[in-house]
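The values are calculated or read from the model by the stated rules, or taken from the named source; none is laboratory data. Only a predicted model underlies this, so the values are computations on that prediction, with no experimental measurement involved. Reconstructed Cβ throughout: ideal geometry from the backbone, glycine too, with neighbour counts over all protein chains shown. Note: accessible area is taken over every heavy atom of the protein model, side chains too, but ligands, DNA and RNA are not part of it. Shrake-Rupley method; radii C 1.70, N 1.55, O 1.52, S 1.80 Å.
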Amino acid sequence: MVQGKNESVFQAREDLSSGGIIDKLASFFEGRGAFLFLVPALVLIGIFVIFPVVWDVYISMTNASLVGPSAKHYIFIGIQNYFRLFQDFLFLNSLKVSFAFTILSALIGQAILGLALALVMRMEDIKGKMLVATVVFIAWVIPEVVAGYAWSAVTDKQGLVSAILSLFGVKTEYSLYFTHPFEVIVVANIWRGTAFSMILFTAALEGIPKYIYEAAEVDGATPWQRFRYVVFPLISQAILVDFILITIWTFGVFTLPYMILGPGGGIGNAGQLWTLYIYFKAINNFDIALAAAASNVMFVIVLALILAYLWSMKYFRRW
Amino acid sequence: MAQKTGAYVAIAFIIGIIIGALGGYFAAPGKTVTTTAVSTTTVTKYATTTATTTATTTATTTATTTALKKVTLTIEYGEPWKDLIDMAIPIFKQKMRAKGYDVTIQKIMLPYGTNFVSRLASDFAAGTAGDVVVYDSFMTAAFASAGYLLPLDTYVQSWPDWKEFPPAMQKIVEYKGHVYGVMVDTDVRMIWYRKDIFKLAGLPTNWQPKTWKDIFDAALKLKSKASEIEKALGINEFYPFYIPAGTKWGEGTTMQGFYMVLLGADKPPYNRLYDYKTDKWIGKSTALYRAFAFYIDVYQKLKIGPIQYNFASDVWGTHRKVFSEGKVAMDVGGSWEWAEGWGPKGVAPLKACKMQCSGQSGSAYDTCYFNCEAKYVGYAKMPGFKGGAEGEPKYVTISGGWAIAINAKIPAYKREIAWEFIKVVASRDVLAKFAAEKGKICPRIDATQVPEYANNAYLKNITEYLKFTDFRDALPGYTKVSKIIQQITEEILSGTITDPMTALNKYDQMLKSAVGANNVEELPVNTEPIYTG
Amino acid sequence: MGSVELKNVTKIFPPKTVAVNNVNLKVRDGEFFILLGPSGCGKTTTLRIIAGLERPTKGRVYIDNIDVTDLPPRKRDIAMVFQTWALYPHMKVYDNIAFPLRLRKVAKDEIDRRVREVAKMLQIETLLDRYPRQLSGGQQQRVALARALVRKPKVWLLDEPLSNLDAILRVQMRAELKRLQKELKITAIYVTHDQVEAMSMGDRVAVLNAGRVLQVGAPSEVYNKPNTLFVASFIGSPPMNFMHVTLKNEGGNYALVAEGVNITLPTELGKIIEEKASDANDLILGVRPEHLELSTAEDSNIRGEVYVIEPLGSETILNIKVGDNIIKARLLKEITLSIGSKVFLKVSTNNIHVFDPSTERAIL
């Protein structure tokens, strides 16, 4: 059979070599049929993904602005914007805020809470766990804009949190998002993103056969030891995947903090993530070149983080 | 054979794309239209470049001369100008019909809560702005230099109404000797105060401060009576004095707040951000020092201002609401607030007046309400630092306002039509009626000939302000400078900056990095405290 | 070393599946005890109750006369080998075996000594540095055994540990397990559905069906004196032959009679049956295939015709049609019979079993 097939291909080639332009083209595309199907997708990706990225890099090396003379005629100024960027205390502040935000809200908040919830979901005899799961999922599926407004309302001076605090005799003089902008967006983002980690960890835990837990139980492991020595190593890969994904997402979070704090990121720019900084620079300050530079720096940092994760993944799993 | 079929498919696909692209290019309506459209009288360099980018135009040129030419005009404006645009449209349509055009108006109305300036800037940059736009006049230089606005020189020169706009109103929309817009409304700024609260604190209800000290004294007196005031009004918080600050207010911080202080802080020409003699931005001056000191006194030292209102998600709505509720006794704000803020149809009407006039409806209600409003809300001119004792202006105010202009990217054949629309919007009756309805100052002198406007006591009173009004240094780069002021005042709010010298140094340093050190000058600074009472 | 006792243990899985029904068992110290039964009979659940992986709905569990019913597995000092072996995939063989010791904070060199000792005993010393996925089934099974043995538990619980092995390996491992258990003198409780395994390994066997313990005894006892129809049918290969018979009493001469069957009974036996049976006209006669032998027509007490012949080399299984029943006879001799020919069989009255069909209990 194999022999026959090769022959027919060979035959086809010979036919083509004697043909016209169609045949020549056909010979070019021969065996590249798969590529043809990719063309529409590649064209779209080229227009909507690759071109903007290249354009962004170019713009970041000009003095382009949304308004003013340099909106009309911008010139190439090399990497000056990048120097400006790292001299801008707001940018350095936004870097700090973004890292703290990602570590606290995603890596610590979402991942740990998600893991805890996933473990609880697997326990038997826990009443109301479906209710908890539903609440967690609702937080995940409602639109981000709505979630943002909801959090503004909840943390308002006359909002739910203040109402609860007043029950304990704590009088709140200001809105919570005003006095603690960073803390509010951290909590809001934990609230919003936990469902994803929970799903991922639930799936990972489902992948561990029940008898492995039981073997550990019989071998004498306490619940904590069972988690530490058996469950944790077995889901470590899932944890790493979770970390990669939520790191990317959290660095890119915009809508929720924007809805709660606005582009300035609250008092003292305490909650100005670099996404907000980029928006602030581009739309409020009309400085799109600087914003482009900032987004490129963000891209490089996130890329570096992901590569670090992937590298560690490569050396992680040995069994 | 399968490969051959694949090749045919690929070729057909590629040919299809090429045909589609070419077809789309030639079929674009703007293309055919520009070749036949009447050439306009404006600067010719635009005519050649704007032809192919018209997604919104559906104009066609049918050979028959009797049929009306169909044209679509897009108008981009903020919700505050809704009534103005709606008033103009039917008049304009009728006028155009007489000229042989059937004009369809496509409205792009930006609702309240939108940052109109940012939105318009990004729409211009993205090429999606309307053919005709209503824009904040302080952006004239920024938009014009970006090439977003069509110069209107030839149009206004042949427009008899243009002389009805006083020189000040013509200057605002000028950049490098060219006119780019026509003012549709203007404003002045003042200190709004609550007569009922002043009465509670034992202050005169007919109040006019002569110096900054008068303001601080009044504020501290109000502060000392805070709990009585809270009890009397049934509110849970009270602040004597509110002046916009921080980044959330955007340009509002600079114009509503900072300029009102700066212009009265020293004698001209040192009371500005820009030195027109040396053509440099002023990095350090006594006026700047005093202005920052004013903010620090209000928000940090005397604590008479509400810090958190400057961070509300809707600062405009909040400032109107808190004044209407009596949580703020003095509010540095614009003349439009009389109607737009706490007027009968405003964002935050006064509860007392609403109740008092609840039996009536229509214009009777409005009349009743405005009479009532005058009993609760007073307005005073912002005084100079020492009321003119040091050569500074006795009273200060500043005008801005919004202008209507034409997008530079408008297809040439639509320019004339767009200008016709502007003429209707900026006509005496339309502008005056709109101004009267909104309680705003009309930028046209002849507005007083329109009874609706002339009969408004409030408007008559504040027209006086136009005699001493001033303008922003709205040069290219002004927006950057304005942002620095917003940033510094925000740091004053958050307590990062607590003394005027730090604020001044930081301003100077940020200014230099934003506009270049050789474009900045430093004047001597008198660091005497501004208030010791 | 330890003894295990179950007292009135019942396990009901919600809503109302009765997995274990009032089980009483006593496993002696050092004994190799088999829980035997078909799948779903509750033997694994019983084992898991002993392990502490399931809590009994009713009843108590004692290990070494201490009530452990409410203790978690780790406090019971037991070790368990799972059917799937349940090795930790992320640990090397060495770490798998060392795991229970590490949890008990045994000194490092002591761990090393004991791991190597048990690895040597199970001949897996060369595998210590591998991950479980790199091992064959038999090797994994040895690792699982090693892990269970390494800390010398009081009781060793084995849940069908051989069922995932191929036939040859299984036979080898049976002997080895038995040897290990005797060598280490560990109490072992072994769950299986394979009666051959049970017979060859157990000191005592408990036969379970539908959540109940039917019979407990030494393999020979269970084999020779099955107390119920179920035990009789479950143990032995090929299984016991059953035929409906009637007890005939002709003036003190008793006989079990059916078509093709006429077994004369000694009087005392006949009397016992007559006494115990609820209906002497309806009895079930049980005869193990290995207890049937060919005989002459006169000596025979069962006769029929050859139905199928299964020659197995050393022995032959003869299927004989007796009346409406097909019975099997296991014959060690070579036979020359052909299908359809008449055949005469003889069974000693010592080797017959009589059951009461209404109670399914053994009368004889």
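Just a few scattered comments:
- Model label zone, A:GLN87; criterion: amide N under 19 Å from point 7 Å along Cα-to-beta-carbon; scope segment A:52-68: A:60-65
- Loop-resident GluC sites (Glu not before Pro) (DSSP state other than H, G, I, E or B) in segment C:302-335 with no more than 16 further Cβ atoms inside 10 Å of their Cβ: C:GLU315, C:GLU334.
- C:ARG361 sits with roughly 130 Å² accessible to a 1.4 Å probe, with DNA, RNA and ligands left out of the calculation.
- Whole-percent carbon and sulfur share, accessible surface of segment C:190-238, 1.4 Å: 53
- Chain C contacts chain A over a buried accessible area of about 2000 Å², both sides summed; the probe is 1.4 Å and only protein chains count.
- Accessible area of segment A:87-318 belonging to carbon and sulfur atoms, whole % at 1.4 Å probe: 73
- For segment B:453-533, the equivalent ellipsoid built from the Cα gyration tensor has semi-axes of 32, 20, 14 Å, listed from largest to smallest.
- Loop-located chymotrypsin sites (Phe, Trp or Tyr not before Pro) in segment A:111-172, at most 13 other Cβ atoms within 10 Å (DSSP): A:PHE168
- Calculated diffusion of segment A:87-318, Stokes-Einstein form, Kirkwood radius summed over Cα pairs, 25 °C and 0.890 mPa s, µm²/s: 126
- Per residue solvent-accessible surface (Å²) - segment A:87-318, probe of 1.4 Å: 45
- Result for chain C in a Gaussian network model with C-alpha springs under 10 Å: among C:GLY42, C:GLY252, C:GLY202, the largest mean-square fluctuation is at C:GLY252.
- Area buried, chain B against chain A - accessible surface, total, 1.4 angstrom probe, square angstrom: 3000
- Across the protein assembly as shown: Cys residues that no other cysteine approaches within a C-beta distance under 4.7 Å: B:CYS442, C:CYS41
- Projected-area average for chain C over all orientations - Cα convex hull basis, square nanometres: 21.9
- Radius ratio Rg over Rh of the protein assembly as shown, counting only Cα atoms, Kirkwood formula for Rh: 1.20
- In segment B:133-155, the residues that give up 30 Å² or more of accessible area when the other protein chains are added, compared with the chain on its own (1.4 Å probe), are B:SER145, B:ALA146, B:TYR148.
- Rounded to the nearest 10 Å², the accessible area of C:SER200 at probe 1.4 Å: 70
- Residue with peak Gaussian network fluctuation, chain A [Cα springs, cutoff 10 Å], from A:ALA150, A:ALA216, A:ALA133: A:ALA216
- Modelled this way, with points 7 Å down the Cα-to-C-beta line, the labels at A:LEU240 and A:LYS129 are 2.8 nm from one another.
- Comparing the full protein assembly with the isolated chain (1.4 Å probe, heavy atoms, ligands and nucleic acids excluded), the residues of segment A:273-288 losing at least 10 square angstrom of accessible area are A:PHE280, A:ILE283, A:ASN284, A:ASN285, A:PHE286.
- Peptide A:218-231 has a mean shielding of 6, counted as Cβ atoms of other protein chains within 10 Å of each residue's Cβ.
- Put B:VAL377, A:VAL132 in order of accessible area, highest first, and with a 1.4 Å probe you get A:VAL132, B:VAL377.
- The HN-Hα couplings worked out from phi for segment C:52-63 by the Karplus form 6.51 cos²θ - 1.76 cosθ + 1.60 (θ = phi - 60°) are x, 7, 10, 9, x, 5, 9, x, 10, 10, 10, 10 Hz, whole numbers, x standing for Gly and Pro.
- Surface analysis of chain B yields an accessible area of 40 Å² per residue, using protein heavy atoms and a 1.4 Å probe.
- Sequence-distant residues sharing a close amide H with B:TYR274 (under 5 Å, placed H): B:ILE282
- Chain A, relative contact order in percent, only Cα pairs under 8 angstrom and at least six apart counted: 26
- Karplus-based coupling profile of segment A:138-150, in residue order and whole Hz: 4, 4, 7, 8, 6, x, 5, 5, 4, 4, x, 4, 4, with θ = phi - 60° in 6.51 cos²θ - 1.76 cosθ + 1.60 and x standing for Gly or Pro.
- Coarse-grained scattering of chain B at q = 0.13 Å⁻¹, given as base-10 log I(q)/I(0) from a Debye sum over alpha-carbon atoms: -1.28
- B:MET190 accessible area, 1.4 Å probe, all protein chains in place, Å² to nearest 10: 0
- Helix C:267-276 vs. chain C, principal-axis angle (Cα, 0 to 90°, nearest 10): 70
- Take every pair of alpha-carbon atoms less than 8 Å apart whose residues are at least six positions apart; their mean separation over the length of chain B yields a relative contact order of 23 percent.
- Scanning residues 5 or more positions from B:ILE105 or on other chains, those with amide H under 5 Å from its amide H are B:LEU73, with H placed 1.01 Å from N in the peptide plane.
- Nearby lysines by direct alpha-carbon distance to B:LYS231 (threshold 25 angstrom, same-chain neighbours under 8 apart not counted): A:LYS157, A:LYS171, B:LYS195, B:LYS199, B:LYS221, B:LYS223, B:LYS303, B:LYS321, B:LYS327, B:LYS351, B:LYS354, B:LYS375
- Karplus 3J(HN,Hα) series, Hz, for segment B:501-509 with 6.51 cos²θ - 1.76 cosθ + 1.60 (x for Gly, Pro): 5, 4, 4, 5, 4, 5, 4, 4, 5
- Qualifying trypsin sites (Lys or Arg not before Pro) in segment C:129-186, DSSP loop, other Cβ atoms within 10 Å at most 12: C:LYS185
- Relative contact order of chain C, pairs being alpha-carbon contacts under 8 Å that are 6 or more residues apart, as %: 15
- Distance between the pseudo-spin-label points of C:GLU183 and A:GLU173 (7 Å out from Cα toward the beta carbon): 8.0 nm.
- For C:TYR190, residues with placed amide H under 5 Å, excluding near neighbours: C:PHE33, C:ILE34, C:LEU35, C:LEU158
- Label sites at B:ALA98 and B:ASN455, each approximated as a point 7 angstrom past Cα along Cα to Cβ, lie 2.7 nm apart.
- Degrees separating the helix B:82-98 axis from the principal Cα axis of chain B, which is the longest one: 30
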